[in-house]
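Q: If you scroll down you'll find the structure; I have some questions about it.
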Amino acid sequence: MDSSTPPGTVRETRNGIRIDLKLVADMIEPGSRVLDVGCGDGELIDYLNRVKQADGRGIELGMEGVNACVAAGLPVIQGDADTDLSDYPDNAFDYVILSLTLQATRAPRDVLANLVRIGRHAIVSIPNFAHWRVRWQIAVHGRMPVNKALPYQWYDTPNIHFCSIRDFVSLCDEMGIVVERAMALDHRGGARRFGRSLYFANVFGEQGVFLLRRRTAA
Amino acid sequence: MAPLKSRSLAEWDARSLPGHQVVLGQAVPLTLDCGTELRDFTVAYQTYGTLNAQRSNAILICHALTGDQFVAETHPVTGKPGWWSTLVGPGRVIDTDRFFVVCSNILGGCMGTAGPTDLNPQTNKPWALDFPVITIRDMVRAQAMLIDHLGIDRLFAVIGGSLGGMQVLEWASSYPDRMFAAVPIATAAHHTAQNIAFHELGRQAIMADPDWRGGNYQLEGVRPERGLAVARMAGHITYLSEAALTRKFGRRLQNRDELTYGFDADFQVESYLRHQGSTFVDRFDANSYLYITRAMDYFDLAARHSGVLAEAFRGSPVRFCVISFTSDWLYPTAECRTIVHALNAAAANVSFVEITSDQGHDSFLLEEPEFFRVMTGFIDGAAERYGLGRSAER
């Protein structure tokens, strides 16, 4: 969650923005209030503010990223998803975004609960630990996976809470979080929506991207 | 211009200083927190740049404890550059080619604005300790009256460090609709026990000086220079850091090769502090020091809101940029973070950066490139949002 590109990032760009960020941006209604948690150098907020006329703000752990954002005129604070989300009131934002960061938090379940509490919607992307390449590296080579999406060795990875797409969906279910939209990104950055058929998404999706909201008390 | 005769503050008439002065509280008095009504009080201020036709490009700068309205020009008393002249000026971070910059001497100050050195109209003697105890909120109320006088409905930004930052927070809390952006720097939403303790040390030093005369030194033609100098020395230590002191002075000796086995200023750091103390008394008033430090000690923004700081900013439309410095132990990053947490809880638009610097609290007065970069970015971004356009590339 430092200011560099997060683990599992698809680096190619399309229309001037990283493909995974574009996918997130496309889910956001114009003119929304958005909080990007782990906003890095602020690329997504800048895009949302420019292209979607959003009121986009950010939280970033790394001071270098924060200073770069603020120096570029973006409203970003230095902070931590694990500790700082609890400050915000309910429904403070239309969307709260957590890109490829949940696996690096200390208490992902609490973070997730905060995301859907302070945002009317949350957009969460995760690296899928059940992708076939990961399975292959563990099953055949007997080694912890190291690849383009998970570039760290086991001893220096910031990722401490891995999950698969299926694990994530099941946690949402358990927490009463509604998955409004679910997409799997393959290793080329191609996006595919998946509904109830989790199997293919969980094997061939390198990342899962989810649009979430908490179940309204009825 | 040449500095005025600078030997003694008693010898210079603050009313004859350059800059502007206005008498406020004539129609409606300023009701202070202590209950006293202040009428016909003078506010001395300085401006830089030009107010645009829409009256939308005004920036109010709030000065710190020992600062004044001479932000960006040669100081008329000391002859030194203005305290923020590296930051404020044509083409600088706060660009006076774009913005109309206003800075007023705070209430209780000694550079032309009403304070304890002024004559009490009822007695025709200096107010001294009869001057009402003022608060930061009172200072800000007086500033708001000045802004009214200048015909400005809404400031583009209110910016200040330390005590100036407290005024910025008070502005954002009291007049959120009269400002677009707020930049509180190296500051806190309340004074901690440690902050109060250091101030009490300074005040006791002043009051222990036999020349203080129960505050009536002006009438008796003396000045508590030794007390004020000690107060300044103690204060000055809190503005620095161990790293900065070590880098500047270490244990180096002052103009000598060996220890003298006496109480002369053997060490460079002693000589430096003595110099700081002795030059300070030439430009500052002891009773002003008491009043202003008291106002800072009384500051507790959350207290007015049932102890919940976020309530001070509820629904705030203000765009904030909170800045702290790593080596500032007087108003440490944790204090700024408390402000940021409260602003988050109020869902306010806030940026927050901590600048790496070993210069201590004084960092905000010094040329720190990262600090300047962040300020420039925030001001440009805010100006663009406010419809003042982006600055030319620089």
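Q: Comparing B:166, B:375, B:139, which has the greatest mean-square fluctuation in the GNM of chain B with Cα pairs linked when under 10 Å apart?
A: Result for chain B, Cα springs under 10 Å: B:375 fluctuates most.
Q: For chain A, take the longest principal axis of its alpha carbons; what is the angle in degrees between that and the long axis of helix A:108-118, to the nearest 10 within 0 to 90?
A: Helix A:108-118 sits roughly 30 degrees off the main axis of chain A.
Q: Determine, at each q value in 0.11, 0.24 (inverse angstroms), the log₁₀ of I(q)/I(0) that the Debye formula gives when each Cα of the stretch B:247-309 is one equal point scatterer.
A: With one equal scatterer per Cα and no solvent, log10 I(q)/I(0) is -0.52, -0.96.
Q: Chain A: Rg/Rh from Cα coordinates, Kirkwood Rh? It would help to have the intermediate numbers written out before the result.
A: Numbers: Rg = 16.3 Å, Rh = 17.3 Å.
That ratio is 0.94, to two decimals.
Q: Peptide B:349-360: average number of partner chain Cβ atoms within 10 Å per residue?
A: Details: counts 4, 4, 13, 8, 10, 4, 2, 3, 0, 0, 0, 0.
Rounded to a whole number, the mean comes out at 4.
Q: Okay, moving on. Compute a Gaussian network model of chain B, connecting alpha carbons closer than 10 Å, and tell me which residue from B:121, B:184, B:210 fluctuates the most.
A: Result for chain B, Cα springs under 10 Å: B:121 fluctuates most.
Q: Related question: Enumerate the whole-percent occupancy of each 10 Å bin, from 0 to the last occupied one, for all C-alpha pair distances of the stretch B:211-315.
A: 13, 29, 25, 21, 10, 3, 0
Q: How much FRET efficiency would the formula 1/(1 + (r/R0)^6) give for residue B:39 and residue B:367, where r is the Cβ-Cβ distance and R0 is 51 Å, rounded to 0.05?
A: Working: r = 42 Å, r/R0 = 0.83.
Rounded to the nearest 0.05, the efficiency is 0.75.
Q: For residue B:103, what is the net charge nearby, where nearby means another residue's Cβ is under 11 Å from its Cβ and Lys, Arg count +1, Asp, Glu -1?
A: Working: positive: none; negative: B:68, B:73.
Charge balance in the 11 Å sphere: -2.
Q: Which value in deg cm²/dmol, rounded to the nearest 500, describes the helix-derived mean residue ellipticity at 222 nm for chain B, given -39,500 (n - 2.57) per DSSP H run of n ≥ 4 and division by the residue count?
A: Values: 10 runs with 124 residues, N = 394.
Calculated at 222 nm, the ellipticity per residue is -10000 deg cm²/dmol.
Q: Please compute how much accessible surface disappears when B pairs with A, both sides summed, using a 1.4 Å probe, and round it to the nearest 100 Å². Mind dumping the intermediate values first?
A: Numbers: alone 16440 and 10610 Å², together 25300 Å².
Chains B and A together bury roughly 1700 Å² of accessible area.
Q: Let me ask something else about it. Which of the GluC sites (Glu not before Pro) found in the stretch B:308-394 are in a DSSP loop and have at most 14 neighbouring Cβ atoms, other than their own, within 10 Å?
A: Values: sites: B:311, B:335, B:354, B:367, B:370, B:384, B:393; in loops: B:367, B:393.
Sites meeting the loop and neighbour criteria: B:367, B:393.
Q: Less than 24 Å apart at the alpha-carbon level, and either on another chain or at least 8 residues along: which lysines does that give for residue B:248?
A: Cα-Cα hits under 24 Å: B:80.
Q: Run the Debye formula on the Cα coordinates of the stretch B:341-394, all scatterers equal and no solvent, and tell me log10 I(q)/I(0) at q = 0.19 1/Å.
A: One equal scatterer on each Cα of the stretch B:341-394 leads to -0.84.
Q: Please enumerate, by chain and number, the lysines with C-alpha under 24 Å from the C-alpha of residue A:22, excluding those fewer than 8 residues away in the same chain.
A: Within the straight-line limit of under 24 Å, residue A:22 reaches these lysines: A:52, A:148.
Q: Name the aspartates and glutamates eligible as straight-distance cross-link partners of residue B:125: C-alpha to C-alpha under 12 Å, and not fewer than 8 places from it in the same chain.
A: Filter leaves B:220.
Q: Moving to a separate point now. Just how many % of Cα pairs in the stretch B:58-108 lie over 15 Å apart, if you round to the nearest whole percent?
A: 43
Q: Other chains' Cβ within 10 Å of A:83-90 residues: what's the mean?
A: Details: counts 1, 4, 1, 3, 9, 5, 6, 1.
Other-chain Cβ atoms within 10 Å of each residue's Cβ, averaged: 4.
Q: Send over a whole-number figure in Å² for the accessible area per residue of the stretch B:80-185, probe 1.4 Å.
A: Working: 3030 Å² over 106 residues.
It amounts to 29 Å² per residue over the stretch B:80-185.
Q: Can you give me the angle between helix A:165-174 and the longest principal axis of chain A, using Cα atoms only, in degrees from 0 to 90, rounded to the nearest 10?
A: The helix A:165-174 is inclined about 60 degrees to chain A.
Q: Using a Gaussian network for chain B with springs between C-alpha atoms less than 10 Å apart, which of these wobbles most: B:229, B:345, B:310?
A: Checking each option, the largest mean-square fluctuation is seen for B:345.
Q: I'd like the accessible area for residue B:130, computed on protein heavy atoms only with a 1.4 Å probe and all protein chains in place. Round to 10 Å², please.
A: 110
Q: Give the Cα extents of the protein assembly as shown along the principal axes, in whole Å, largest first.
A: Extents along the principal axes: 92, 65, 45 Å.
Q: For the stretch B:126-240, what is the per residue volume of the convex hull drawn over the alpha-carbon atoms, in cubic angstrom? Mind dumping the intermediate values first?
A: Working: hull volume 14.3 nm³, N = 115.
Per residue, the Cα convex hull of the stretch B:126-240 comes to 125 Å³.
Q: If R0 is 51 Å, what FRET efficiency do you get for residue A:153 and residue B:201 from their C-beta distance, rounded to 0.05? Display every interim value, and only then the final one.
A: On the way: r = 54 Å, r/R0 = 1.05.
So the FRET efficiency works out to roughly 0.40.
Q: Related question: I need the calculated FRET efficiency for the pair residue B:255 and residue B:311, taking r as the beta carbon distance and R₀ as 56 Å, to the nearest 0.05.
A: Efficiency, rounded to the nearest 0.05: 0.50.
Q: On to the next question. Just the number: Rg to Rh for the stretch A:81-154, Cα atoms, Kirkwood Rh, two decimals. Mind dumping the intermediate values first?
A: Working: Rg = 15.5 Å, Rh = 13.9 Å.
Using Cα coordinates only, the ratio equals 1.12.
Q: Just need the relative contact order of the stretch A:60-218 here, percent rounded to a whole number, with Cα pairs under 8 Å and 6+ apart.
A: Values: 262 pairs, mean separation 36.6, N = 159.
Dividing the mean separation by the residue count of the stretch A:60-218 yields 23 percent.
Q: Inside 10 Å of the C-beta atoms of B:368-377, what's the mean count of C-beta atoms belonging to other chains? The partial results should precede the final answer.
A: Details: counts 0, 0, 4, 1, 1, 5, 7, 2, 3, 8.
Mean inter-chain Cβ contacts per residue within 10 Å come to 3.
Q: Provide, as a two-decimal number, the C-alpha radius of gyration of chain B over 2.2 N^0.38 Å, N being how many residues it has. Working shown, then result.
A: Working: Rg = 20.6 Å, N = 394, 2.2 N^0.38 = 21.3 Å.
Dividing the Cα radius of gyration by 2.2 N^0.38 Å gives 0.97.
Q: Provide, as a two-decimal number, the C-alpha radius of gyration of the stretch B:38-171 over 2.2 N^0.38 Å, N being how many residues it has.
A: Numbers: Rg = 15.0 Å, N = 134, 2.2 N^0.38 = 14.1 Å.
Normalised Cα radius of gyration, the stretch B:38-171: 1.06.
Q: Still on this structure: Which three extents, in whole angstrom, do the alpha-carbon atoms of the stretch B:312-369 cover along their principal axes, largest first?
A: Sorted from largest, the Cα extents of the stretch B:312-369 read 36, 20, 14 Å.
Q: Per residue, how much accessible area does chain A show when a 1.4 Å probe rolls over the protein heavy atoms, in square angstrom?
A: Working: 9730 Å² over 218 residues.
Dividing the accessible area of chain A by its residue count gives 45 Å².
Q: Just to be sure I understand the model, the point goes 7 Å from the Cα along the line to the Cβ. What's the resulting residue B:194 to residue B:123 distance in nm?
A: So the label points at residue B:194 and residue B:123 sit 3.9 nm apart.
Q: Please report the carbon-and-sulfur percent of the accessible area for the protein assembly as shown; probe 1.4 Å, protein heavy atoms only, DNA, RNA and ligands left out. Please list the in-between numbers first.
A: Working: 12890 of 25300 Å².
C and S fraction of accessible area: 51 percent.
The values are calculated or read from the model by the stated rules, or taken from the named source; none is laboratory data. Nothing here was measured: the structure is a model prediction, and the numbers come from that model. Quick reminder, even Gly has a Cβ in these numbers, built from the backbone with ideal geometry, and neighbours come from all protein chains shown. Accessible surface areas use protein heavy atoms only, side chains included; no ligands, DNA or RNA. Shrake-Rupley method; radii C 1.70, N 1.55, O 1.52, S 1.80 Å.
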